[in-house]
Amino acid sequence: MKRLLILLIPVSIGWGQVNVTIETIPPGAVVTIDGSKVGETPINDLSLASGFHVFRITLDRYSPIRYETHLLAAEKATLRFRLKERFKVKFISEVPEYRYRFDNKYEWFQEKMKFEMEAGRHSLEIFKGDSLIDKKSILIDQATTIHYQLK
Amino acid sequence: MEKSGHKNRYAGWIIPGIVIFFSGCALTIPEYPQPILLDESSVSIEYTYGSVEINAPIQIEEGQPTAFRLTLYSGRDTTKAIIERILMPEDRMAVTLPRSLFLPDTLIHKAVIEPLGGDYLTRIHHFSYTGPTITLPISRIRLRPVIIQGSIHQLRDGSPVSDAEVTVETPRGQRTTIYSDSLGNYRYSFPAEILKDSMVTLSTTLSGSYPVNAKQVRFTTSKNYTINFLVGPSARFYQLGAPYLVLDNLTPFRVGPENGAKIQFLLPKDETLMVTTVAGDRLKAFIEMKSESSKKSQFQEGWVLSKHVKPIDL
């Protein structure tokens with residue numbers, strides 16, 4: 001019986017465990033899995049049970065990533081995260097009393113506003129009352145100032 | 001003068017300073033309370049899978065299969081085989097497959113082992129992923145059996161005869177007795193190799209003076225045979241009088257009612273009689289006799305003592 005247990009224990013520990021590697025671009029991001037900090041990227045040979053996990057990747061000046069996945073019972077899993085940098089952006093409008101909105105989500109009324117924006121292509125919408133009067137696509141890839149004036 | 005001149009000089013600095021301070025306040029740009037995110041996280045996940053070895057041990061109990069077809073189905077799609085492999089008897093009955101085919105672990109997969117080169121039973125095993133090496137239960141290889149089945153019914157009205165004895169005799173002289181169920185059905189199966197190109201005799205008997213009802217089955221390529229039996233007295237016999245059953249073995253069946261009358265037969269227990277006349281303690285009755293060769297019925301009239309028989313309800 002004792003022999004059987006000795007044999008079974010390593011087998012049962014091995015089942016369902018996945019050897020996980022976590023890489024980020026750029027490296028040095030802090031990785032938290034299921035609420036516990038596991039270190040900074042790159043992380044190699046991390047043994048995780050297969051199943052549901054929540055990964056959180058954070059790095060200064062970059063947007064954090066929250067990633068939920070059901071880790072399959074593979075021998076090895078390599079997770080690669082590309083972090084997006086955030087830039088300081090000033091917005092100055094030359095048209096008063098309008099309403100502005102970024103990415104169909106972030107609204108404001110002031111003609112001047114400072115933002116911390118994730119790199120990438122954002123949409124800017126301008127409303128007068130409830131009517132959409134203008135729409136623009138803005139690429140953010142550095143700290144910049146957006147001067148808005150109505151066509 | 002100087003002092004007042006001093007005062008005037010400070011006053012000249014204070015006023016522009018206040019103006020600059022307030023205008024500076026007016027120029028301060030507010031900060032949006034949250035970062036503007038695109039929520040387009042860029043994540044890739046790459047899995048590397050190990051392999052799974054599936055062992056399917058076999059034990060040949062009947063016949064000599066020339067090869068085996070091993071087919072595996074994943075629990076994710078039980079209609080499409082993930083692998084089909086022909087293995088020779090001397091080959092190791094095992095296949096190695098990527099682990100990814102057996103994900104997730106909770107699924108039930110299926111292995112089908114089909115012996116080739118004869119009429120063999122296919123073996124099916126269901127299994128789940130339990131580790132990198134999976135060993136299925138031993139597949140015992142047997143020939144598909146011959147099944148002989150049928151029913152036994154009363155000749156007079158077609159009613160089923162339960163617990164009727166059916167004797168099966170193989171050409172090698174092996175005799176096996178089985179009994180019909182409450183619906184008069186019986187079923188018997190043999191390993192096929194014993195019966196190849198041979199004949200089997202089935203027989204059933206009813207109590208009374210009825211001959212053994214025997215039938216022969218010559219085996220062909222089919223594995224299923226249905227042999228039905230109709231037994232007992234005929235319907236025509238039942239129209240001759242009131243049915244009685246013989247209570248005692250060796251009951252005299254005489255030509256006349258008197259004590260010294262000639263005995264035609266000694267009737268066995270449970271023989272059926274059709275009584276036509278009652279004369280005191282003697283009964284005039286018919287018995288039915290069947291010839292084994294012609295299978296035709298003959299009715300014979302005679303007398304029995306009433307103490308040896310009892311009326312029966314049909």
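The values are calculated or read from the model by the stated rules, or taken from the named source; none is laboratory data. It should be emphasised that the depicted structure is a prediction, and the values quoted were computed from it without experimental measurement. Cβ placement follows ideal geometry from the backbone for every residue including glycine, while neighbour counts extend to all protein chains displayed. For accessibility, only protein heavy atoms count, side chains too; no ligands or nucleic acids. Shrake-Rupley method; radii C 1.70, N 1.55, O 1.52, S 1.80 Å.
Observations, loosely collected:
- Condition met for residue A:91 (more than 8 Å from chain B (Cβ to nearest Cβ) and open to solvent by 60 Å² or more (accessible area, probe 1.4 Å)): no
- Filter result (under 17 Å from residue B:238 (Cβ atoms), at pLDDT below 90, open to solvent by less than 70 Å² (accessible area, probe 1.4 Å) and not hydrophobic (A, V, I, L, M, F, W, C)) within segment B:251-299: B:270, B:271, B:272, B:288, B:290, B:297
- Of the numbered criteria (1) more than 30 Å from residue B:101 (Cα to Cα); (2) within 9 Å of chain B (Cβ to nearest Cβ); (3) out of contact with any Lys or Arg (no Cβ under 6 Å at 6 or more places or on another chain), the one residue A:78 fails is (1).
- Strands (runs of 3 or more DSSP E) completely within segment B:59-120 that count 3 or more residues being open to solvent by 60 Å² or more (accessible area, probe 1.4 Å): B:77-87
- Listed by first and then second residue, the pairs with beta-carbon distance under 6 Å, at least 6 apart or on different chains, first residue in segment B:101-121 and within 14 Å of chain A (Cβ to nearest Cβ), second β-branched (Val, Ile, Thr) and not in a loop (DSSP other than H, G, I, E, B), are B:101/B:82; B:102/B:52.
- Among all positions in segment A:27-41, there is no residue which is crowded, with 16+ Cβ neighbours inside 10 Å, within 30 Å of residue B:102 (Cα to Cα) and of a type in the set (Gly, Ala, Ser).
- Test: residue in segment A:130-143 that is modelled with pLDDT under 90, charged (D, E, K, R) and open to solvent by 80 Å² or more (accessible area, probe 1.4 Å): yes
- Matching residues in segment B:26-58 - criterion: being among the hydroxyl-bearing types (Ser, Thr, Tyr) and either within 8 Å of another protein chain (Cβ to nearest Cβ) or part of a strand (DSSP E or B) (or both): B:32, B:41, B:42, B:44, B:47, B:48, B:49, B:51
- Residue ID - modelled with the highest pLDDT, chosen from residues in segment B:182-198 that are open to solvent by less than 70 Å² (accessible area, probe 1.4 Å) and not aromatic (Phe, Trp, Tyr): B:185
- When segment B:41-61 is limited to residues that are farther than 14 Å from residue B:91 by Cβ and among the small types (Gly, Ala, Ser), the one that is modelled with the highest pLDDT turns out to be B:44.
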